[in-house]
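The values are calculated or read from the model by the stated rules, or taken from the named source; none is laboratory data. Remember, it's a predicted structure, so these values are computed and weren't measured experimentally. Methodologically, a virtual Cβ is constructed for each residue, glycine included, from the backbone with ideal geometry; neighbour enumeration extends over all protein chains shown.
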Amino acid sequence: WSRTARKVDGVLEVGGVRLPDLVAQHGSAAYVLDEEDFRSRARDFRDGFSGFDVYYAGKAFLCTEVARWVDQEGLHLDVCTAGELAVAERAGFPMDRVELHGNNKSPHELRRALELQVGRIVVDSFHEITRLADLAAETGMTARVMVRVTPGVEAHTHEYIATAHEDQKFGFSISSGDAMAAVRAIRETPGLELRGLHSHIGSQIFDTSGFEVAARRVLALHRQVAEETGVQLPELDLGGGFGIAYTTQDDPADAASLAAEIRTIVTEECAARGLEVPRLSVEPGRAIVGPSMCTVYEVGTVKAVELDGGAVRTYVSVDGGMSDNIRTALYDADYSCTLASRRSDAPVLLSRLVGKHCEAGDIVVKDEFLPGDLAPGDLVAVPGTGAYCRSMASNYNHVPRPAVVAVRDGVARVVVRRETLEDLLLTDVG
Ligand code: LLP
């Protein structure tokens, strides 16, 4: 909510646009993307991490317009499918600043990345090394690659989004020797140019000790490579995962202090091991786009439900739900919400913001105190929905996905249009 103002009439304004006006023009539910907020977070990472390459992780949220902003703010772009790559291409994103991820990139995706000469391809398996080598030979292109390694770290986050412990699908294990074997295989393969090691320990992480342990283990491998080959790899990518505040309990570090911490860790480790400090890169997604977006919904029904023990919970149903924000159902994520369309002095009630889907787990905000006079037609806004909400949205129950409306200096413009029922029926050829 950093750049959101509540007016004297209680109406929420984002980027100078009153949310009821935005809904009147563009409909509800809608994702509202504050352009200046996005850009300033991108700049905070660019400046805070000066001397690093900062890749915006497009999986958090990507569309053509956002790819342009990322380019204009001087960041690099991390994509992990042909789809995300196609968006980058359409935005005219400089391909030498694009990096392709993925644990199961298709031959088509690899070929496209080679043809477009993306800056880095992060390899994730021995099959992929072979596949990429064949394609490089066939096309005559050279692939600049990073090796995704698994440092064996237990990141403190939800188990579904932790990625550096051994028992998961990503990367080459350092401890088993696979990572070193992958380095050797790449070095022996013509058409593949090894640039460095890559690790990503997970997402929505506050405790930087995970990055510290990962950096130490990855640098130990980096040194082993230097000893064996006589060459120090020029780059090191420590991935993304920096947490943001979804509720008042969360207390994230700012980009500059994260950068300082990471730089110190790496510099000290390199000094202790007699290594030159490689070119560092990071891949923040959530920390840039997460706080820049909110979702605005219209209330449809309000229902008081008596709980065991006599307490009452008010169920507020809105015109969206788990199809536009799966994170509460999937990760037990915490969100907050607020009345956005008017002022209310009514006493607050313990409320739950729920969607319109045919499933009891269709919850957007588990617990919130909302005014007791909430009624159909009121607008409710949920902050912090920029990351992994639109990008993970579905058409469950054949609900069209909402528009993304960018706001700036009092002007609202659609950057991803709302889907229509016709869009949904187009793929149904029966
Ligand atoms: N780099 C790599 C290799 C990644 O896999 C990811 C996220 C990132 C960077 C960006 O992480 P961030 O800075 O956004 O945390 N859907 C989950 C998050 C999945 C993260 C996937 N990889 C969620 O909604 O919490």
- Query: Restricting the search to the stretch 229-252, which residues are within 19 Å of Val54 (Cβ to Cβ), within 16 Å of the ligand (Cβ to nearest atom) and in a loop (DSSP other than H, G, I, E, B)?
  - Reply: Leu238, Gly239, Gly240, Gly241, Gly243, Ile244, Pro252
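Residues checked against (1) β-branched (Val, Ile, Thr); (2) over 29 Å from Asp47 (Cβ atoms):
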{"site": "Asp78", "(1), (2)": "no, no"}
{"site": "Ser106", "(1), (2)": "no, yes"}
{"site": "Glu115", "(1), (2)": "no, yes"}
{"site": "Ala136", "(1), (2)": "no, yes"}
{"site": "Thr142", "(1), (2)": "yes, yes"}
- Query: Counting just the residues of the stretch 276-293 that are part of a strand (DSSP E or B) and within 16 Å of the ligand (Cβ to nearest atom), which one comes out nearest to Leu12 (Cα to Cα)?
  - Reply: Met293
- Message: Step by step: first the residues of the stretch 265-322, then only those that are assigned by TED's automatic domain parsing to the domain that holds Ala42 and over 30 Å from the mean Cα position of the chain (by Cα), then the one that is surrounded by the most Cβ atoms within 10 Å (Cβ to Cβ). Which residue is that?
- Response: Leu275
- Message: I need the full set of residues from the stretch 278-311 which are without any contact (Cβ under 8 Å) to a residue 40 or more places away in the chain and more than 28 Å from Gly384 (Cα to Cα), in order please.
- Response: Glu306, Leu307, Asp308, Gly309, Gly310, Ala311
- Only one residue in Leu353, Leu330 is closer than 23 Å to His398 by Cα and surrounded by fewer than 18 Cβ atoms within 10 Å (Cβ to Cβ). Which one? Leu330
- Query: Restricting attention to the stretch 253-275, which residues are more than 15 Å from Ser209 (Cβ to Cβ) and within 16 Å of the ligand (Cβ to nearest atom)?
  - Reply: Asp254, Ala255, Ala259
- Query: Taking Leu370, is it modelled with pLDDT of 95 or more and either in a strand (DSSP E or B) or not assigned by TED's automatic domain parsing to the domain that holds Val8 (or both)?
  - Reply: yes
- Note on the structure: Residue hits (the stretch 177-206; within 15 Å of the ligand (Cβ to nearest atom) and either closer than 15 Å to Val122 by Cα or of a type in the set (A, V, I, L, M) (or both)) are Gly196, Leu197, His198, Ser199, His200, Ile201, Ile205
- Output the residues belonging to the stretch 312-337 that are within 16 Å of the ligand (Cβ to nearest atom), in contact (Cβ under 8 Å) with a residue 40 or more places away in the chain and among the aliphatic types (A, V, I, L, M). Met322, Ile326, Leu330, Ala333
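The rows are residues; the columns are (1) touching a residue at least 12 places away in the same chain (Cβ under 8 Å); (2) among the basic types (Lys, Arg); (3) under 18 Å from Ala406 (Cβ atoms).
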residue: Arg6; (1), (2), (3): no, yes, no
residue: Phe45; (1), (2), (3): yes, no, no
residue: Ala57; (1), (2), (3): yes, no, no
residue: Ala86; (1), (2), (3): no, no, no
residue: Glu99; (1), (2), (3): yes, no, no
residue: Arg112; (1), (2), (3): yes, yes, no
- Near pairs, Cβ below 9 angstrom, 6+ apart or cross-chain, from the stretch 201-215 (not assigned by TED's automatic domain parsing to the domain that holds Pro252) to any residue that is within 12 Å of the ligand (Cβ to nearest atom) and modelled with pLDDT of 90 or more: none
- Message: Return the residues of the stretch 313-343 that are in a strand (DSSP E or B) and either hydroxyl-bearing (Ser, Thr, Tyr) or modelled with pLDDT under 95 (or both); say none if nothing qualifies.
- Response: Thr314, Tyr315, Ser317, Thr338
- Task: Would you be able to say whether some residue in the stretch 18-26 is small (Gly, Ala, Ser) and not in a helix (DSSP H, G or I)?
- Result: no
- Task: For the stretch 373-385, name all the residues that are part of a loop (DSSP other than H, G, I, E, B), surrounded by 24 or more Cβ atoms within 10 Å (Cβ to Cβ) and not hydroxyl-bearing (Ser, Thr, Tyr).
- Result: Gly384
- Message: Suppose we keep only residues that are farther than 11 Å from Tyr31 by Cβ and in contact with a helix residue (DSSP H, G or I) (Cβ under 8 Å, 6 or more places away or on another chain) within the stretch 388-406. Which one would you say is surrounded by the fewest Cβ atoms within 10 Å (Cβ to Cβ)?
- Response: His398
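Which is within 13 Å of the ligand (Cβ to nearest atom), in a helix (DSSP H, G or I) and within 21 Å of Arg279 (Cβ to Cβ), of Ala226, Ala214? Before the answer, list the steps.
Details: Ala226 fails: within 13 Å of the ligand (Cβ to nearest atom).
Residue meeting the stated conditions: Ala214.
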